[in-house]
Amino acid sequence: MPVGRLHHLIVDCPDPAASARFWSALLGLPITHDDPDFMVVSADTTTSGTAFQRAPDQRPPTWPDPDVPQQMHLDVMVDDPATAAEAAVALGARPLPGNHVFADPAGHPFCLIPRPGWAPPVNPEASPPGR
């Protein structure tokens, strides 16, 4: 049984609006969430997509030189963040500073976020009624 479902791929950038406009045009998808610090490009407001998060001091990756590594993380939607956190740790995740922020076994960060109301339960049989 899965612990969660991919919600968004989060990309750090100094200008979320510029990044969202670029990817929106490149992919032919609309900007579905517009906030100065966090923008989303996805098929619609009830579909996961790619998000652009303000990181004012972000330095572009120096691919393939690992001097400045890639700067993205995954948001994983879960039915119950506390239960999902326990399951993630049991699978090898390491808690990081922040609310429901973890590192995978290789150190890549990810966040466990409460499932948005538009999304069906990750585990319908495990979700409380009315959720």
Would you calculate the separation in nanometres between label points at Leu27 and Ala90, each defined as 7 Å from the Cα along the Cα-to-beta-carbon direction? 3.3
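Taking only the Cα atoms of segment 1-63, how large is their convex hull per residue, in Å³?
Numbers: hull volume 7.4 nm³, N = 63.
So the per-residue hull volume is 117 Å³.
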Out of these labelled values of Cα extents along the principal axes in Å, [x] 58, 30, 29; [y] 42, 35, 32; [z] 42, 33, 22, which was calculated from the coordinates shown here? [z]
Karplus 3J(HN,Hα) series, Hz, for segment 108-121 with 6.51 cos²θ - 1.76 cosθ + 1.60 (x for Gly, Pro): 6, x, 8, 10, 9, 10, x, 4, x, x, 6, 8, x, x
Spin-label proximity, Ala17 to segment 55-91 - amide N less than 19 Å from point 7 Å beyond Cα toward beta carbon: 55-58
GNM, the chain, Cα, under 10 Å: largest mean-square fluctuation among Pro64, Pro36, Pro109? Pro64
Extension gain Met1-Thr83, at 0.36 nm per residue separation less the Cα-Cα distance, in nm? 28.2 nm
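For Ala55 and Val68 in the same chain, what is the full-extension length gain: residue separation times 0.36 nm, less their Cα-Cα distance, in nm? All intermediate terms of the calculation are to be shown ahead of the outcome.
Working: separation 13, 0.36 × 13 = 4.68 nm, distance 1.44 nm.
So the extension gain works out to 3.2 nm.
With r defined as the distance between the Cβ atoms of Asn123 and Val101 and R0 fixed at 22 Å, what FRET efficiency is calculated, to the nearest 0.05?
Once rounded, the FRET efficiency stands at 0.50.
Rule-based calculations on the coordinates, nothing more; no lab input. Just so we're clear, the structure is a prediction, and the values are computed from it rather than from any experiment. Here Cβ is always computed from backbone atoms with ideal geometry, including for glycine, and neighbour counts include all displayed protein chains.
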